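> If you scroll down you'll find the structure; I have some questions about it.
The values are calculated or read from the model by the stated rules, or taken from the named source; none is laboratory data. Fair warning: this is a prediction, and the values are worked out from it, not measured in the lab. Heads up, the Cβs are rebuilt from the backbone with ideal geometry, glycines too, and the neighbour counts pull from every protein chain shown.
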Amino acid sequence: MAKHRSRIILFLVILAVVCSAQEKPGEERLRNIIKSKGQAEVVIPYPDKVSLNELTRNVSIRAARDKKIYIVLSPLTVDWFLASGHKFDILEYPYGKYFLGSANMREAMEWESYPTLPQYDSIIKSFADNYPSLCRLDTIGTSIKGRIIYAVRISSDSTGNKDLPRVFITSSIHGDETGGYVLLLRLADYLLKNYAPGSMTGVLLDSLEIWINPLANPDGTYNFGDVITTPVRHNADGYDLNRNFPDPSAPATVRQKETLDMIRFMRKQRFVLSANLHSGSEVVNYPWDRWERYHADNNWFCQISRKYADTVHYYSIPGYMNDLDNGITNGYAWYSIYGGRQDFVTYELQGREVTIEIDDDYITPPAGLSDLWEYNYRSLLGFFENALYGIHGTTADYKSGKPVPAKLFIKGHDRDSSHIFSDTLSGSFIRLLEPGVWDVSFSARGYRDTVIRDILVNDGERTTLSVRMKKESDISDEKNINDIILYPNPSLSFVNVVLPEKMTGTVNIRIVSHTGTLLGDYETEVFDRVPVIIDTGGFPPGSYSVVFMSLKTGVTVSGRFIKAGGS
């Protein structure tokens, strides 16, 4: 018996050594791929929801399909992934056959090849040089390696004095999702070449400011020089930029330079509508990405997404953009992500953003670039057109007619920061809504709340309002500058906190229960007039204190809120 037991033990030891030897080469191969190419992609079986939630918080999930999860690992995330113990297969792509590069700028502007970085720089500058009455070149910021991140503003209002609705479209925040890069360059070229009053392009350029950012992550796309060879998903420091935006549901992270520059740019421009082009699937993805519940304007999001996909279907080959619900999906229903730009823009900037996945291939072969254009450009024009509809108007003082910055809220409809604000300088606003009859409340500091009832919104039409607001006769102008506003209070799931103006920038938040237990200690970015959202869903009913400290000035303000019973 002892001899038999010894043989079993010896067999188990040998088996463990063999298994270890089998696993180690896989890990070494994974690390070697990352070392040579900057990233590696692995695929794992679809895990349970708890494991998936842990994965999406720690690594960059590229796609979820066919009961599998596709993950891109960078030097920053490979150690965590290997320690997690997931069994994986390594995927490799033949990058080299796709990227020969354009021979010159003329060839690049035939839109059937990928430009070099200097050619891209020349092309985007040529738009402004050749069409000065329609195009202005702007800079969002620079990458970690110092490359300029461009945006072009296209509109017949060359002065910018008409206060037109602003729309924004961007691509390649993931550097190895390349098809949208050339698609948006060609879109800018098309809009400029085909401007004519009365045409669809003319109506768009006469009625909107269209902002286009073809390349949001130049360090990822041009990973090893000025020619695309082995593009990577992340930025030069290994961060997935589309998991790097402020998110109350996400763990603290190092905010990247490209992210901070994009936040400043989008906050300044206050786009009413925006889209982010990706590859890896063929579907229009709408909020929320991080929450299972729907956005207040879910029906509107579904309608504009369906319109995009249906237009694509009409002009494309059978089978294109039919992923998930025939080409559209709610983000969370697909797979959850945290720190995404779509949710940040929609929640914290009161914008409306979707994510458009335009190609199952992450890297579109040059031979497929013209197909992407033919399938999508009409849908892109139609997407911009959505900004012309809904409720457009201004808020102004009843007596003086001066602009009043006001909050627009639809009782019984708005939730999760779906309300909007009128512009501080002009008082103008645009509330995108599905067709129906709406009651909208207008509120502003120092003014009586004004409710405009029975506002009719028709499909494909613009409703115009001019709202005059009366001042409160008994309001004090000596409001304590340290006051903070918390609402709703009591709350069930969320508390919105409006901080004093001096509390912008990075702020530390500490949440303490009435028994003195520390329940939250984290940092977030605070922007002027944008409420900070505290997720109270996991808190038991009771009273809580919250303390905000500016990391820039050291100034501290505090308040109290009550978590009500219920869910």
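> Which count do you get for residues in segment 419-474 that are of a type in the set (Phe, Trp, Tyr) and either in the same structural domain as residue 297 (by TED's automatic domain parsing) or more than 23 Å from residue 162 (Cα to Cα) (or both)? Step through it out loud before you land on a result.
Keep residues of segment 419-474 that are of a type in the set (Phe, Trp, Tyr), which gives 421, 429, 438, 442, 447.
Retained after the next criterion (residues that are either in the same structural domain as residue 297 (by TED's automatic domain parsing) or more than 23 Å from residue 162 (Cα to Cα) (or both)): 438, 442, 447.
Looking only at that region, the number is 3.
> Among the residues of segment 452-473, which ones are more than 24 Å from residue 300 (Cα to Cα) and assigned to a loop (DSSP other than H, G, I, E, B)?
470, 472, 473 - these are the residues of segment 452-473 that are more than 24 Å from residue 300 (Cα to Cα) and assigned to a loop (DSSP other than H, G, I, E, B).
> Still on this structure, please answer the following. From the list 49, 87, 68, which one is over 21 Å from the mean Cα position of the chain (by Cα), charged (D, E, K, R) and modelled with pLDDT under 90? So that I can check it myself, show each step before the final result.
Details: 87 fails: modelled with pLDDT under 90; 68 fails: modelled with pLDDT under 90.
Only one candidate passes the filter, namely 49.
> Further question: Identify all residues within segment 378-401 that are within 16 Å of residue 189 (Cβ to Cβ) and either surrounded by fewer than 17 Cβ atoms within 10 Å (Cβ to Cβ) or touching a Gly at 6+ places or on another chain (Cβ under 9 Å) (or both); write none if there are none. Let's see the steps before the verdict.
At the first step, the residues of segment 378-401 found to be within 16 Å of residue 189 (Cβ to Cβ) are 378, 380-381, 384.
Once the filter is applied, which keeps residues that are within 16 Å of residue 189 (Cβ to Cβ) and either surrounded by fewer than 17 Cβ atoms within 10 Å (Cβ to Cβ) or touching a Gly at 6+ places or on another chain (Cβ under 9 Å) (or both), segment 378-401 yields only 378.
> Looking at 220, 202, 175, which one is in a helix (DSSP H, G or I), in contact with a His (Cβ under 9 Å, 6 or more places away or on another chain) and touching a residue at least 24 places away in the same chain (Cβ under 8 Å)? Spell out the reasoning first.
Working: 202 fails: in contact with a His (Cβ under 9 Å, 6 or more places away or on another chain); 175 fails: in a helix (DSSP H, G or I).
Answer to the check: 220.
> Across segment 494-534, what is the number of residues that are acidic (Asp, Glu), surrounded by 14 or more Cβ atoms within 10 Å (Cβ to Cβ) and within 12 Å of residue 546 (Cα to Cα)?
The total comes to 0.
> Let me ask you something else. Quick check, is residue 293 within 25 Å of residue 495 (Cα to Cα) and among the basic types (Lys, Arg)?
On the way: within 25 Å of residue 495 (Cα to Cα): yes; among the basic types (Lys, Arg): yes.
The answer is yes for residue 293.
> Okay, next question. Look through 347, 335, 389 and report the one residue that is modelled with pLDDT under 95 and of a type in the set (Phe, Trp, Tyr). Can you show your working first?
Values: 347 fails: modelled with pLDDT under 95; 389 fails: modelled with pLDDT under 95.
Within the list 347, 335, 389, the selection yields 335.
> Further question on the same structure: Hey, does segment 242-250 have a residue that's without any contact (Cβ under 8 Å) to a residue 60 or more places away in the chain and part of a helix (DSSP H, G or I)?
Filtering segment 242-250 down to residues without any contact (Cβ under 8 Å) to a residue 60 or more places away in the chain leaves none.
So far as segment 242-250 goes, no, none of its residues is without any contact (Cβ under 8 Å) to a residue 60 or more places away in the chain and part of a helix (DSSP H, G or I).
> While we're here: Does segment 442-456 contain at least one residue that is of a type in the set (Val, Ile, Thr) and modelled with pLDDT of 95 or more?
Among the residues of segment 442-456, not one is of a type in the set (Val, Ile, Thr) and modelled with pLDDT of 95 or more, which makes the answer no.
> Return the residue satisfying two criteria in turn: it lies in segment 333-368 and is charged (D, E, K, R) and either in a helix (DSSP H, G or I) or over 10 Å from the mean Cα position of the chain (by Cα) (or both), and of such residues it is nearest to residue 261 (Cα to Cα).
The first filter runs over segment 333-368 and keeps only residues charged (D, E, K, R), leaving 341, 343, 348, 352-353, 357, 359-361.
Still in the running and either in a helix (DSSP H, G or I) or over 10 Å from the mean Cα position of the chain (by Cα) (or both): 341, 343, 348, 357, 359-361.
On the way: 341: 13, 343: 17, 348: 16, 357: 24, 359: 27, 360: 29, 361: 29 Å.
Selected residue: 341.
> In addition: Can you spot a residue in segment 14-25 that is among the charged types (D, E, K, R), surrounded by fewer than 16 Cβ atoms within 10 Å (Cβ to Cβ) and either in the same structural domain as residue 251 (by TED's automatic domain parsing) or modelled with pLDDT under 90 (or both)? Steps first, answer last, please.
In the first step, residues of segment 14-25 are kept if they are among the charged types (D, E, K, R); the result is 23-24.
Okay, now just the ones that are also surrounded by fewer than 16 Cβ atoms within 10 Å (Cβ to Cβ), so 23-24.
Remaining after also requiring either in the same structural domain as residue 251 (by TED's automatic domain parsing) or modelled with pLDDT under 90 (or both): 23-24.
Scanning segment 14-25 turns up at least one residue that is among the charged types (D, E, K, R), surrounded by fewer than 16 Cβ atoms within 10 Å (Cβ to Cβ) and either in the same structural domain as residue 251 (by TED's automatic domain parsing) or modelled with pLDDT under 90 (or both).
> Then there is this: Out of segment 191-228, which residues are of a type outside the set (A, V, I, L, M, F, W, C) and within 30 Å of residue 39 (Cβ to Cβ)?
The first filter runs over segment 191-228 and keeps only residues of a type outside the set (A, V, I, L, M, F, W, C), leaving 193-195, 197-199, 201-202, 206-207, 209, 213-214, 217-223, 225-226.
Scanning segment 191-228 gives 213, 214, 217, 218, 219, 220, 221, 222, 223, 225, 226.
The rows are residues; the columns are (1) assigned to a loop (DSSP other than H, G, I, E, B); (2) hydrophobic (A, V, I, L, M, F, W, C); (3) in contact with a Pro (Cβ under 7 Å, 6 or more places away or on another chain); (4) closer than 20 Å to residue 143 by Cβ.
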position	(1), (2), (3), (4)
252	yes, yes, no, no
258	no, no, no, yes
284	no, yes, no, no
288	yes, yes, no, no
309	no, yes, no, no
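> Quick check: is even one residue across segment 392-414 within 24 Å of residue 170 (Cα to Cα) and basic (Lys, Arg)? Working first, answer last.
Going through segment 392-414, the residues within 24 Å of residue 170 (Cα to Cα) turn out to be none.
The answer is no; no qualifying residue exists.
> Within the set of pairs 6+ apart or on separate chains, which have a first residue in segment 302-320 that is closer than 11 Å to residue 284 by Cβ, a second that is among the basic types (Lys, Arg) and in a loop (DSSP other than H, G, I, E, B), and C-beta atoms under 9 Å apart?
Final answer for the pair search is 304/352.
> Follow-up. Inside segment 397-410, can you point out the residues that are at pLDDT 95 or above and in a strand (DSSP E or B)?
Those that are at pLDDT 95 or above and in a strand (DSSP E or B): 403, 407, 408, 409.
> Taking the condition of being touching a residue at least 12 places away in the same chain (Cβ under 8 Å), over 30 Å from residue 261 (Cα atoms) and either under 24 Å from the mean Cα position of the chain (by Cα) or in a loop (DSSP other than H, G, I, E, B) (or both), how many residues in segment 497-535 meet it? Don't jump to the end; show me each part of the working.
Of segment 497-535, the ones touching a residue at least 12 places away in the same chain (Cβ under 8 Å) are 497-514, 519-535.
From what is left, the residues that are over 30 Å from residue 261 (Cα atoms) are 512-514, 519.
Checking the rest, the ones that are also either under 24 Å from the mean Cα position of the chain (by Cα) or in a loop (DSSP other than H, G, I, E, B) (or both) come to 514.
Here the count works out to 1.
> A further question on this structure: Test residue 440 against the criterion of being surrounded by 18 or more Cβ atoms within 10 Å (Cβ to Cβ) and not small (Gly, Ala, Ser), and give yes or no. Write out each step before concluding.
Numbers: surrounded by 18 or more Cβ atoms within 10 Å (Cβ to Cβ): yes; not small (Gly, Ala, Ser): yes.
In short, yes.
> Right, something else. Return the residues of segment 542-559 that are free of Cβ contacts under 8 Å to residues at least 24 places away in the same chain and either surrounded by 13 or more Cβ atoms within 10 Å (Cβ to Cβ) or in contact with an Asp or Glu (Cβ under 7 Å, 6 or more places away or on another chain) (or both); say none if nothing qualifies.
So in segment 542-559, the residues free of Cβ contacts under 8 Å to residues at least 24 places away in the same chain come out as 554, 556.
Listed by number, the list holds a single entry, 556.
> Turning to a different aspect of this structure: Please find, within segment 32-78, the residue that is nearest to residue 232 (Cα to Cα) out of those that are without any contact (Cβ under 8 Å) to a residue 40 or more places away in the chain and β-branched (Val, Ile, Thr).
71
> Follow-up question, since we're still on this one. Here is a check on your reading of the model: is residue 401 under 32 Å from the mean Cα position of the chain (by Cα), over 26 Å from residue 348 (Cβ atoms) and either in the same structural domain as residue 383 (by TED's automatic domain parsing) or of a type in the set (Gly, Ala, Ser) (or both)?
Details: under 32 Å from the mean Cα position of the chain (by Cα): no; over 26 Å from residue 348 (Cβ atoms): yes; either in the same structural domain as residue 383 (by TED's automatic domain parsing) or of a type in the set (Gly, Ala, Ser) (or both): yes.
So residue 401 does not fit the description; no.
> Residue 157 - would you say it is assigned by TED's automatic domain parsing to the domain that holds residue 257, closer than 30 Å to residue 403 by Cα and touching a residue at least 40 places away in the same chain (Cβ under 8 Å)?
Details: assigned by TED's automatic domain parsing to the domain that holds residue 257: yes; closer than 30 Å to residue 403 by Cα: yes; touching a residue at least 40 places away in the same chain (Cβ under 8 Å): yes.
Answer is yes for this residue.
> Let me ask another. So for segment 518-536 (the condition being over 23 Å from residue 346 (Cβ atoms) and either at pLDDT 90 or above or among the acidic types (Asp, Glu) (or both)), does at least one residue qualify?
Scanning segment 518-536, I find at least one residue that is over 23 Å from residue 346 (Cβ atoms) and either at pLDDT 90 or above or among the acidic types (Asp, Glu) (or both), so the answer is yes.
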